Every structure is written in C-alpha cells, then in structure tokens.
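The values are calculated or read from the model by the stated rules, or taken from the named source; none is laboratory data. It should be emphasised that the depicted structure is a prediction, and the values quoted were computed from it without experimental measurement. No Cβ is skipped: glycine too gets one built from the backbone with ideal geometry, and neighbour counts run over all protein chains shown. In case anyone asks, the SASA skips ligands and DNA or RNA and just uses the protein heavy atoms, side chains included. Shrake-Rupley method; radii C 1.70, N 1.55, O 1.52, S 1.80 Å.
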Amino acid sequence: MPTLPFDASAVLLRAISDSSEDAIFAKDREGRLRFANPATLALVGKRLHEVLGATDLEILEDKDAARRVMENDRRIMESGTAEEVEETVPMPGGARRLWLSRKTPYRDASGEVVGLLGIARDITQRTRQRDALAESERRLAFIVQFAPAFMAVLRGPRHVFEMANEKYFEVVGRRDVLGKPVLEALPEIAGSPFPELLDHVYQHGVPFAGNDVALRLGPEGDAQERWVDFVYLPLREPDGSPSGVFVHGVDITARKRIESALRDANERLADSDRRKTAFLAMLSHELRNPLAPIRNAIYLMERGAAGGPSSARALAVLDRQTSHLTRMVDDLLDVTRIERGKVELHRVPLDLREEVRQACEDHRPLFEASRVALSAALDGPPAWVDADPTRLSQVLGNLLQNAAKFTPAGGRVTVELTASDGAARIAVRDTGAGIAPADLTRIFEPFTQSDQSLARTRGGLGLGLSLVKGLVELHGGSVVARSEGSGRGSELVVTLPRTAAPPVSHPAPDAGGNAQPLRILVIEDNEDAASSLAELLELDGHAVEVAHDGPSGVARALATRPEVVLCDLGLPLLDGYGVARALRAEPSLSGTLLVALSGYAQPEDRRRSREAGFDRHFPKPPPLDELTRLLAERAAAKARGEAPGPQL
C-alpha cells in the first residue's frame, strides 16, 4: 500500500499549520497518523513522537470514540469524496468536546486514494450558543402563539397578515387570514375606523391604543360581538422606513358582560353597588395580571428580532462565524476544483462597468463599517468581456474584501476600470498595509499568509488571492500585485481579454400580468423550512401543499397532480432522487416541473439530480429571486395555454 508522499513542501506546511488554532493532520490509508500540528497534539494530549505512525485506537483512551473516528475516515477514503463531519472527541482529563472536521481524501499521482487530510475546529461553545438561542426562540414562539393576549403582525401598506396567534384567530372568528391584506381577510371592517387607523400608524409611526372597543367579527351569519383593549404599534426597518404594524390586545368580552350584568343588578339592588365595585376591581386586577409577561414577551420579540443587546450579539457572532467557516470551506473546495480542472465556467457577454459597479455597491457596507472610503472610476465606454458572472463576482469580492481588511480606518480604496489594446483592466488600489517585495508573487500561492500581505486572511486558509489568480486565468486573463513596500499601500490589477459587444436584443412582452397561480407541492422533512417556504409561495398567490417524507410526498403528488414539486434531496424513508424517479414514471405527471432543493449544488450534484429526473436544482435555502422568476415563467406559460416543457 503506497504511503503519503512528503517532500520539502512539508517544511512550509509545518510552518503554516503550527500557527493555526485548528487541528491539522494527515493519515495514511490504514489510519496511521503521518502529520500533526501542535493543535492536534493538544487535542489528544500527547507529544509528536508518541502519535506518529499510530492509529486513533492507539492514541485515544476512549476506544468507542476512536472507532467512530476511524470509521468516518475509512468511509471517506473509500468514497473518495471530501466530507464535513461532527465528531465527539475525548480530551485529556476526561472532558468531551464537539469538533467539526473537514476531511479530504488524498490521492497520489496516479489518482489512487492513499490517505486523508483533515482540518478540525472545536465548535462545542458555538454549538451550545446556537442550541441555547434556538431554544430561546422556540420558547418565545410558544409564549406568543398560546398567550392569552391576541397578537398579529401586518406587513406593508396593504397590511398583509404575516403572523397571528391562536387567541387572534379566536377573536376574529376565522383562521384563514395569513398572507391576505387586512380588508380581504376581514371584509367586515370596511367602513369602520380600523383601516384608517392602521394607515395612520403605518405611515406616521405613532402608536394607537383603544380601550373598551366593540367588535363584530367573523364570517357573515356567524359573527359575534366582542370587546377588546388593543394597541397598534408601528414596525420600522433599520433605516427608519415603515415596515408594518404589530397588533396586540386583550379580549375583555367576559369582563364587559360581567360589567353589564352588574349594571343591571345595580338598577334592581342599589345596595349591590359596593360589592360590584369591589368585584370589578378584583376582576380587573386578575384580568390584567397576564399583561406583564405578555408585554415582556413582546419586548423580547421586538428587540430580539431587531438586535437587542444579548440576542443581537449572539446572532451576530453565530452569523459571522458560520459565514466565515462557510467561506473557508467554499474557498478550499474551489481551489481544489481549479487545481483539478473541475471548475465549469458559464460564460456570457458582460459589461465590466456594471459588474464592477455592482460589486462595489454590494461591498459598500463592509467599507462603511471599517470607516474606509471606497470610490470607483467607471466613466469610460463599455468594456465587454466573455465571463462567468458568478465567478467574476467572486474575483471582485475577494479583491474588495482584502482591500477593506488591510486598510486602516480613515484610509481609501479606489477601483479603476480601463480598456485598451483588446484588454480590460481592473485596478484595486488601497492606502493600507502594503506588500513586502518578496511577497508580491507569493501572495497568489494557496495557503500563503503574511502579517503584512494582502493574502493573509486572519484565521482563514490564505486562499483568497489564490482563487482570484485561478479564476482569472481560467478566463484567459492575468493578475499582478504592485506595492512600494509594507505600510505604503498596494495595487492589484486584473487583466481580462475583451470581446465584441453583443447584439442588441429586444425583450419579449411581459406576460406576468396574465400569469395564473400554480399548484405547488413542497416535500421537505424540516417542518420550519417547509412551512416558511410554503407561506412565501402562498404570498404570491400559489396553492401550496406540504409533505414531510418521500413516500407521503409521492402519494400527495399522485393524488393532487401538482404543476410544480419542490423536493428536498435528503428526505427520510425515500430520498429526493427516489421521489423524482417515482414521479417521472407516472404519465399523468409528465408535465410537472420538478425542482431539487439541496445543500449540495456543485456540477456533479446537479448532474445527479438531472439524471434522476429533476428539471432544476437549487441550493438550500433556494434563491428566492430565481425561484420566483422560474415560477412566474411557468405561470405565464400556463396563462398562455402553452404545454409545459422541460426546464433543463
């Protein structure tokens, strides 16, 4: 059995890995450790000479944990496919920690898997914080849903119902209000003061409180009179613009009926007045007691969602670290694909002016947060290139992120686009840390990090500029770095070959106004993901049903003949591929649009879903603009009476 090849490059790898807080290791085909950085040694509590050449069974005291780790390694090497796994690892002293490991099969020159490379990070604390936050949100949602006060959230100038709790459904006498404007959901309030009050609160941001208000709500012929105390609270976007209205209140019908009965009794029995007053005081106290926890829950909901001190910090940390980890994993995968020639470019004619302008706008919040000025010189004529818009955006994003990261507050970053001699050049200049002369070419090598180099990613893998170089060269271009030295700013210049401007095309008339709603089936085992996606689709007027596993999804599709099926691939009992094959075997569903939803959306994943019978493949969560556009096209075709065709 061949062993992992190690040469002089191991010296460089050791220097990089020694500075990492992540555990970095390599094993041969039999699971023997061949490389370990200090973080790995700290994880197992041993010295290097004690672990080299040993398996996890020989290194770890917990043999069950060791067998699980080795089984994961063996499966990954046999499959030849990199995986991200969470593993519980015993620490020295008996503690147990949760580690997130990215394990990649290592191949020799002939392509044979000869070992495994791994990077692991302790996510115990992050996982605990995430679970605690999720539990807090579940408790808050439970409190709101079953609170004795009625609550609802209305969004937009038409006051569309986004949320309503059980007590609200009881007060209005119906449940079918979600996703509808208030006048459509509650037609009986037309002509009453309520629509004008909602408009006033929404437009002017001034709360309104109503006490002892009589209502007669419910379907015609079944309406009941109720009395309520309520308040309309304005909801705002972060920029201060109106977002919606929050409605909450207390159904005081029982109290009002008691008051009425007591008033009647007072007319008959003058001496009952004292007892009535005492009774009403006690009753009012008891009815209003629940308002304190209700108001606290509202306070938590409003501030937690809008970034209150504790929840906002927790959400920001989780979002920042998850995004950072995702970005590192994506970068590592992309570098591997570039080196193996597995990146597919989907080229279209692009005007670089628009691409650079959009990239600058997308990253402007990053510069504003860093207090770095960003300007772009894009006044020249169109600069057309034949490029993949997604990959080009990735190139520009990496350049801008590096410039922002290594330019101190008060500095400036300038982006300039020039076109001449059959080439278009994008120059990103900054007044930041600069680049040492020895690093001007080295910064484009994978895993390169230097305290003064733009390639340093502050805890990442040093892949940003390596990705830029690889993607630019795939487009037939080049990238160079210039700097007068450390502390004197830097300039990175991307050069791409120009192409002729595309012929002017005239868009087809928009048929969206005649589009018809679609019958859609969502098959998703995650109930929160399924219900939220269904609600979004229903907001566009579509009729949506939901199934939570493969067999029930197939049964529901055969029973209802949906026009569109949105299907998760990782389903229980029968996976999404099996669902697609079953539906494609049914002639009556031949025109149904099958859309795969998956956390994996690389070319090989899309190929596999296409072979199973899916028409489209979206990553999870699905990009709502693309999904909406796809459904609008299908709905427009339906309105024109066109037979549905494949969407490959």
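Of all residues being open to solvent by less than 20 Å² (accessible area, probe 1.4 Å) and under 13 Å from Ala582 (Cβ atoms) in region 523-553, which is nearest to the chain's Cα centre (by Cα)? Just the residue, please.
So, considering only residues that are open to solvent by less than 20 Å² (accessible area, probe 1.4 Å) and under 13 Å from Ala582 (Cβ atoms), the one nearest to the chain's Cα centre (by Cα) is Ile523.
Just give me the residues in region 60-92 being in contact (Cβ under 8 Å) with a residue 40 or more places away in the chain, open to solvent by 60 Å² or more (accessible area, probe 1.4 Å) and part of a loop (DSSP other than H, G, I, E, B), in sequence order.
Passing the criteria: only Pro92.
For region 554-573, name all the residues that are closer than 16 Å to Phe618 by Cα and open to solvent by less than 30 Å² (accessible area, probe 1.4 Å). So that I can check it myself, show each step before the final result.
Initial filter on region 554-573 (closer than 16 Å to Phe618 by Cα): 564-571.
Listed by number, the residues that qualify are Val564, Val565, Leu566, Cys567, Asp568, Leu569, Leu571.
Which of the residues spanning region 407-430 are in contact with a Cys (Cβ under 9 Å, 6 or more places away or on another chain) and surrounded by fewer than 18 Cβ atoms within 10 Å (Cβ to Cβ)?
Across region 407-430, there are no qualifying residues.
Taking strands (runs of 3 or more DSSP E) that do not extend beyond region 557-637, which have at least 2 residues that are in contact with a Cys (Cβ under 7 Å, 6 or more places away or on another chain) and under 23 Å from Asp540 (Cα atoms)? Write out each step before concluding.
Working: elements: 564-568, 593-598, 616-619.
Those strands (runs of 3 or more DSSP E) span 593-598.
Go through (1) farther than 18 Å from Met91 by Cβ; (2) outside any strand (DSSP E or B); (3) at pLDDT 90 or above and name the single condition Ile16 misses.
For Ile16, the exception is condition (3).
Residues of region 93-111 being part of a strand (DSSP E or B) and of a type in the set (Gly, Ala, Ser), which ones?
Ser101
Kindly indicate whether any position in region 431-452 is open to solvent by less than 60 Å² (accessible area, probe 1.4 Å), modelled with pLDDT of 90 or more and of a type outside the set (Lys, Arg).
Filtering region 431-452 down to residues open to solvent by less than 60 Å² (accessible area, probe 1.4 Å) leaves 432-436, 439-440, 443-444, 446, 448, 450.
From what's left, modelled with pLDDT of 90 or more: none.
No, region 431-452 contains no residue that is open to solvent by less than 60 Å² (accessible area, probe 1.4 Å), modelled with pLDDT of 90 or more and of a type outside the set (Lys, Arg).
Quick one: in region 574-589, which of the residues that are surrounded by 14 or more Cβ atoms within 10 Å (Cβ to Cβ) and over 30 Å from the mean Cα position of the chain (by Cα) is nearest to Phe614 (Cα to Cα)?
Among those residues, the one meeting the criterion is Arg584.
Only residues that are modelled with pLDDT of 85 or more and touching a Pro at 6+ places or on another chain (Cβ under 7 Å): list them for region 323-354, please.
We begin by selecting, within region 323-354, every residue modelled with pLDDT of 85 or more; these are 347-354.
Val348, Pro349, Leu350, Asp351, Arg353, listed by residue number.
Which ones in region 362-406 are farther than 21 Å from Ala419 by Cβ and open to solvent by 50 Å² or more (accessible area, probe 1.4 Å)?
Initially, region 362-406 is screened for residues farther than 21 Å from Ala419 by Cβ, giving 362-374, 390, 394, 397-398, 401-406.
Those that are farther than 21 Å from Ala419 by Cβ and open to solvent by 50 Å² or more (accessible area, probe 1.4 Å): Asp362, Arg364, Pro365, Leu366, Glu368, Ala369, Arg371, Thr390, Gln401, Lys405.
Which of the residues spanning region 226-254 are touching a helix residue (DSSP H, G or I) at 6+ places or on another chain (Cβ under 9 Å), more than 18 Å from Arg216 (Cβ to Cβ) and outside any strand (DSSP E or B)?
Pro238
Yes/no per residue for (1) in contact (Cβ under 8 Å) with a residue 24 or more places away in the chain; (2) open to solvent by 30 Å² or more (accessible area, probe 1.4 Å); (3) out of contact with any Pro (no Cβ under 7 Å at 6 or more places or on another chain):
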{"residue": "Arg121", "(1), (2), (3)": "yes, yes, yes"}
{"residue": "Thr124", "(1), (2), (3)": "yes, no, yes"}
{"residue": "Ala152", "(1), (2), (3)": "yes, no, yes"}
{"residue": "Gly173", "(1), (2), (3)": "yes, yes, no"}
{"residue": "Lys180", "(1), (2), (3)": "no, yes, yes"}
{"residue": "Glu184", "(1), (2), (3)": "no, yes, yes"}
{"residue": "Asn211", "(1), (2), (3)": "no, yes, yes"}
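In region 478-497, is there at least one residue being open to solvent by 30 Å² or more (accessible area, probe 1.4 Å), farther than 25 Å from Arg412 by Cα, modelled with pLDDT of 80 or more and more than 33 Å from the chain's Cα centre (by Cα)?
yes
Please go through region 19-48 and pick out each residue that is farther than 15 Å from Met91 by Cβ, open to solvent by less than 20 Å² (accessible area, probe 1.4 Å) and aliphatic (A, V, I, L, M).
Ala26, Leu33, Ala36
Could you grab me the full set of residues in region 25-44 that are assigned to a loop (DSSP other than H, G, I, E, B) and under 16 Å from Arg121 (Cα atoms)? Let's see the steps before the verdict.
Pass one, region 25-44, residues assigned to a loop (DSSP other than H, G, I, E, B): 29-32, 37.
Asn37 - this is the single residue of region 25-44 that is assigned to a loop (DSSP other than H, G, I, E, B) and under 16 Å from Arg121 (Cα atoms).
Would you be able to tell me the number of residues in region 590-619 that are surrounded by fewer than 18 Cβ atoms within 10 Å (Cβ to Cβ) and either within 26 Å of the chain's Cα centre (by Cα) or of a type in the set (D, E, K, R) (or both)?
Result for region 590-619: 12.
Gln129 passes all but one of (1) part of a helix (DSSP H, G or I); (2) over 30 Å from Ile16 (Cβ atoms); which number fails?
Answer for Gln129: the failing condition is (2).
Going by the conditions given, is Val206 modelled with pLDDT of 90 or more and assigned to a loop (DSSP other than H, G, I, E, B)? Quick ask: steps written out before the conclusion?
Working: modelled with pLDDT of 90 or more: yes; assigned to a loop (DSSP other than H, G, I, E, B): yes.
It is true that Val206 is modelled with pLDDT of 90 or more and assigned to a loop (DSSP other than H, G, I, E, B).
Could we say that Glu61 is over 34 Å from the mean Cα position of the chain (by Cα) and not basic (Lys, Arg) here?
Against the criterion (over 34 Å from the mean Cα position of the chain (by Cα) and not basic (Lys, Arg)), Glu61 qualifies.
For a quick check of your reading of the model, give me the residue pairs whose first member lies in region 186-200 and is touching a residue at least 40 places away in the same chain (Cβ under 8 Å), whose second is among the β-branched types (Val, Ile, Thr), with beta-carbon atoms closer than 7 Å and at least 6 apart or on different chains.
Leu198/Val182; Leu198/Val245
Being outside any helix (DSSP H, G or I) and among the acidic types (Asp, Glu): is that true of Glu545 here?
Yes.
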